[in-house]
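Data block below; observations after.
The values are calculated or read from the model by the stated rules, or taken from the named source; none is laboratory data. No experiment lies behind these values; they were computed from the predicted model shown. Cβ placement follows ideal geometry from the backbone for every residue including glycine, while neighbour counts extend to all protein chains displayed.
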Amino acid sequence: MLRTVIFSLLLTAAAPAFAETQVEIPRSPGLPYAAKSLPDRIVLTAGADPSREMAVAFRTDVAQATAEAEIAPAIDGPGLAARAVRVVGVSAPIENENGKALYHQVRFTGLEPGRAYVYRVKGSAGWSEWLQFRTASAEARPFRFLYFGDTQNNILSIASRVIREAFHATASPALVVHAGDLVAQRDNLAHDDEWGEWTQAGGYNYSIVPQLPATGNHEYLDNELPDGTEQYVLGPHWSRQFALPGNGADAAKATTYYVDYQGVRFIILDGTAALNLGALESQTRWLDSTLAASKARWNVVLFHQPIFTCARPNDTAKLKAAWKPVFEARKVDLVLQGHDHCYSRLTAEAGKTASAKARADGKVQGPVYLVSVTGSKMYGLNDRADTQPDRVAEDTELFQTVDVAADRLQFRTFTPTGRLYDGFDLIRHADGNRLVEIPEASGPVRRCAGQVGPDGVPCTADPKD
């Protein structure tokens, strides 16, 4: 029997007074993103224990005043509604350039591990289609997940190609992780349109495969204070669009959380709150305790601003000082990041020569630091890119697949045309991991040559000061 649980949003009674831009913000062509009488922006997220809990967020027009869903065990025939159970949740209003709408969130609890379920959500004119997902197994089992860097700009026109190719080329991904800056949310496009483009780019895939998003700095808005200074405030869409577990750090409850999936503990941090909103100490304590309590075979940490930058002149010093020692002490396996709009795989701070020697000497591999980008905005590589990371790229859109097994993580980086660009295996031994690079991904490094990009067209990667 499914249990109905109300999922509470931490919303204030009055929205903060966001600073108004003096420049007219462009809109998506055709103005397609007003809420309608059927549900849209349907996004599935995992509970802390996704073998027994999932959640869904969706949007409707204001005529659908309640959050309603139906869920049933999947069967092989068409009679899906026969065993469906009604589940109710919570709703939150939003008003913006596209008018008034309601976001709804419903949490599915009491599920059986390793089982397929179907669900549908209600709008004022009727139900969505039935959407199918599978809960995680209760024990460690092999699975595959996708990793996307920043989408941010030209989400539908350009980034969608990469997202769709990732789903098309990847057999049955169990999860998708996003390293922040899902949208630009500044002055590139009307904010609600950006969220409309983001959900449209992923389409039904986002409603049947659980999404694990991290916040980037562009998920925040600039709130002008009475003294004229500006402060980051989490944009109104985040807590409405994603029904997250709510088990994170006290100082960043809306944006930090962890999920245990079939032998992997995914820990999601908020670099912006740590750097700009006084949440660094709270997140660091929570990170350490969450890793210490982990019984998972593998630990993967996801956040936006990278410890080691591939574009900016300097590393993110505050995060590096606070989090890197925890990653090393607690033996984190992968650190997945975004923000830099370039690609980097770094396995030793001392540089790729030292890293290669350590591998040749059979030494244990510490955390592997990845930075990637999915969208169209590109930054040029910095002056350390030739010597510190093991593999880099600029002016290149990418997606990553990670295959998880008991004793091995297989990490692969692909371009939108399906080219294998980078890859390695992390192999678990009694004393720690060993990293093995795969020769199939050892082709030329993608870099701009002056004004010419790696594809022979003008380079779009701008230097980052």
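The table that follows gives values for the structure above.
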| item | result |
| --- | --- |
| Among the candidates F58, F145, residue that is within 30 Å of Q410 (Cα to Cα) and either of a type outside the set (S, T, N, Q) or in contact with a strand residue (DSSP E or B) (Cβ under 7 Å, 6 or more places away or on another chain) (or both) | F145 |
| Residues satisfying the stated conditions in segment 429-442, i.e. outside any strand (DSSP E or B) and farther than 15 Å from R345 by Cα | A430, D431, P439, E440 |
| Contacts under 8 angstrom Cβ, first residue in segment 201-213 being assigned by TED's automatic domain parsing to the domain that holds W130, partner surrounded by 18 or more Cβ atoms within 10 Å (Cβ to Cβ) and in a loop (DSSP other than H, G, I, E, B), 6 or more apart | none |
| Hits in segment 166-184 - residues which are surrounded by fewer than 23 Cβ atoms within 10 Å (Cβ to Cβ) and either assigned to a loop (DSSP other than H, G, I, E, B) or in contact (Cβ under 8 Å) with a residue 60 or more places away in the chain (or both) | A169, T170, A171, S172, P173, A174, V177, A184 |
| Members of segment 252-310 found to be of a type in the set (S, T, N, Q) and either in contact with a helix residue (DSSP H, G or I) (Cβ under 7 Å, 6 or more places away or on another chain) or free of Cβ contacts under 8 Å to residues at least 24 places away in the same chain (or both), listed by number | T255, T256, T272, S282, Q283, T284, S289, N299, Q305 |
| Looking only at segment 174-188, and only at residues there that are of a type outside the set (A, V, I, L, M) and within 14 Å of the chain's Cα centre (by Cα), the one that is nearest to Q132 (Cα to Cα) | H178 |
| Segment 89-132: number of residues that are surrounded by 20 or more Cβ atoms within 10 Å (Cβ to Cβ), in contact with a Leu (Cβ under 6 Å, 6 or more places away or on another chain) and more than 16 Å from R41 (Cα to Cα) | 1 |
| Wholly enclosed strands (runs of 3 or more DSSP E) of segment 1-70 bearing at least 1 residues at pLDDT 95 or above and of a type in the set (V, I, T) | 40-46, 54-60 |
| The lone exception for E95 - which of (1) in a strand (DSSP E or B); (2) in contact (Cβ under 8 Å) with a residue 40 or more places away in the chain it fails | (2) |
| So W286, is it assigned by TED's automatic domain parsing to the domain that holds D150, at pLDDT 95 or above and either of a type in the set (K, R) or farther than 23 Å from A385 by Cα (or both) | yes |
| Hey, G228 over 14 Å from A48 (Cα atoms) and surrounded by 24 or more Cβ atoms within 10 Å (Cβ to Cβ) or not | no |
| Residues of segment 68-87 that turn out to be over 13 Å from A116 (Cα atoms) and either free of Cβ contacts under 8 Å to residues at least 40 places away in the same chain or not hydrophobic (A, V, I, L, M, F, W, C) (or both), as a count | 10 |
| Output for segment 269-314, where each listed residue is crowded, with 21+ Cβ neighbours inside 10 Å, more than 18 Å from the chain's Cα centre (by Cα) and among the small types (G, A, S) | A279, A311 |
| Residue, nearest to S344 (Cα to Cα), within segment 375-425, restricted to residues that are touching a Gly at 6+ places or on another chain (Cβ under 8 Å) and among the hydrophobic types (A, V, I, L, M, F, W, C) | L398 |
| Subset of segment 338-360 that is assigned to a strand (DSSP E or B) and either among the basic types (K, R) or touching a residue at least 60 places away in the same chain (Cβ under 8 Å) (or both) - its residue that is surrounded by the fewest Cβ atoms within 10 Å (Cβ to Cβ) | R345 |
| Cβ pairs under 9 Å, 6+ apart, first in segment 447-465 and under 16 Å from H341 (Cβ atoms), second part of a loop (DSSP other than H, G, I, E, B) and aliphatic (A, V, I, L, M) | R447/L381; R447/A385; C448/L381; P454/V445; A461/A311; A461/L381; P463/A311; K464/A311 |
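This table checks each residue for (1) of a type in the set (A, V, I, L, M, F, W, C); (2) part of a strand (DSSP E or B).
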| position | (1), (2) |
| --- | --- |
| G362 | no, no |
| A385 | yes, no |
| D403 | no, yes |
| Y421 | no, yes |
| I427 | yes, yes |
| D455 | no, no |
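Rundown of residues vs (1) touching a Phe, Trp or Tyr at 6+ places or on another chain (Cβ under 8 Å); (2) surrounded by fewer than 20 Cβ atoms within 10 Å (Cβ to Cβ); (3) in a strand (DSSP E or B), yes/no style:
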| residue | (1), (2), (3) |
| --- | --- |
| L212 | yes, no, yes |
| T215 | yes, no, no |
| D222 | yes, yes, yes |
| Y232 | yes, yes, yes |
| A243 | yes, no, no |
| N247 | yes, yes, no |
| A254 | yes, yes, no |
| I267 | yes, no, yes |
